[in-house]
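Q: This structure is in structure tokens; I'll ask about it shortly.
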Amino acid sequence: MMVDAFKNESRMDIGPTTSKDLGKQLSQFVVALSSPPSDTGEWWPLVNSISIFIPTCEFLPEGVVLVDLPGKEDANTARVAVTEDALKECDWVWIVCPMTRTTSDITLVDQIDDELRRQLSLDGQTRTLVVICTKTDNLSKKIVSTEIQSFNLSAQAAGKSKSKQRILVAKARNEWAKVEIKKECQEHAREATGTGESSNFTIKVFTVSADDYHELSRDPESTLSPEPVEPELYDTVDDTEIPNLQHYLQDAGSSALRRKVQRDRTASTLLAKEMHLSLADKGTQDSQKR
């Protein structure tokens with residue numbers, strides 16, 4: 001059985017590796033690797049969580065923790081329970097969905113609605129909802145041809161190479177998705193508040209390509225970099241929108257930490273005042289006894 005591997009060890013160390021290789025090594029602990037399960041057994045039913053520590057990260061402020069949770073629509077009730085418990089401790093929730101499903105997936109709509117109502121249940125307000133659309137570089141020839149017609153891009157696409165047409169469609173689809181998702185969020189916010197308004201509510205939508213970002217930002221001197229390949233779609237790192245997401249994480253994380261420090265300071269001040277009043281009352285009672 002696989003559990004024999006940990007019989008005399010309390011930890012498993014994974015050496016230097018690329019992000020993709022790390023994902024492959026960790027997958028045995030979070031997903032079923034075979035169906036039906038192999039005779040040697042699998043780890044994932046025994047694993048509650050996996051923690052990954054990053055010694056230095058420019059865009060991850062100290063104290064900020066990113067938690068990748070299964071969706072609340074997961075068929076595994078134990079995984080759903082883990083998600084619901086973790087949500088109680090989260091400062092923000094980022095909804096992540098592949099670009100190919102952003103406007104047609106009922107699950108995304110349900111997640112938006114759940115998050116808005118979760119925020120309302122905390123203090124009666126909705127603040128910020130973040131939706132991240134991934135795999136924006138995933139554009140087949142059929143999708144490009146269809147979207148050129150859908151977005152009325154025939155005139156702009158005429159005479160352009162296939163790669164330029166793909167970029168044209170990708171950017172149009174990204175902007176369209178942002179508009180549609182924001183519209184959907186505003187409608188749900190009005191329904192959730194029951195007031196017909198969605199004031200003090202900010203919607204952030206990022207349309208990203210992680211694969212192209214890795215290729216365009218790779219360090220050619222790094223020994224961990226795999227053989228370079230051509231980016232799937234974009235020409236620049238900024239086009240992938242990953243830098244925008246990184247900066248937002250940095251700003252949001254720093255703001256959350258400042259708010260936490262302020263809350264702790266306020267709580268400490270109130271505690272000091274209560275202790276002072278309590279001691280003053282005790283002193284008065286002692287004087288009266290004398």
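Q: Test of understanding: what is the full-extension gain from GLN25 to LEU87, defined as 0.36 nm times their sequence separation minus their Cα-Cα distance?
A: 19.7 nm
Q: So how do PHE53, PHE29 rank on accessible area, 1.4 Å probe, biggest first, that is with the largest at the start?
A: Largest accessible area first, the residues go PHE53, PHE29.
Q: Using Cα centres only, tell me the gap between region 144-158 and region 167-187 in whole Å.
A: Each part's Cα centre sits 16 Å from the other's.
Q: Right, another one. Largest first, what is the accessible-area ranking of CYS185, CYS90 with a 1.4 Å probe?
A: Working: CYS185 0, CYS90 35 Å².
The ordering from most to least exposed comes out as CYS90, CYS185.
Q: Quick one, can you get me the convex hull of the C-alpha atoms of region 141-182 expressed as volume per residue in Å³?
A: Residue-normalised Cα hull volume stands at 59 Å³.
The values are calculated or read from the model by the stated rules, or taken from the named source; none is laboratory data. Source: prediction; values computed, not measured. Side chains included, ligands, DNA and RNA excluded: accessible areas come from the protein's heavy atoms. Shrake-Rupley method; radii C 1.70, N 1.55, O 1.52, S 1.80 Å.
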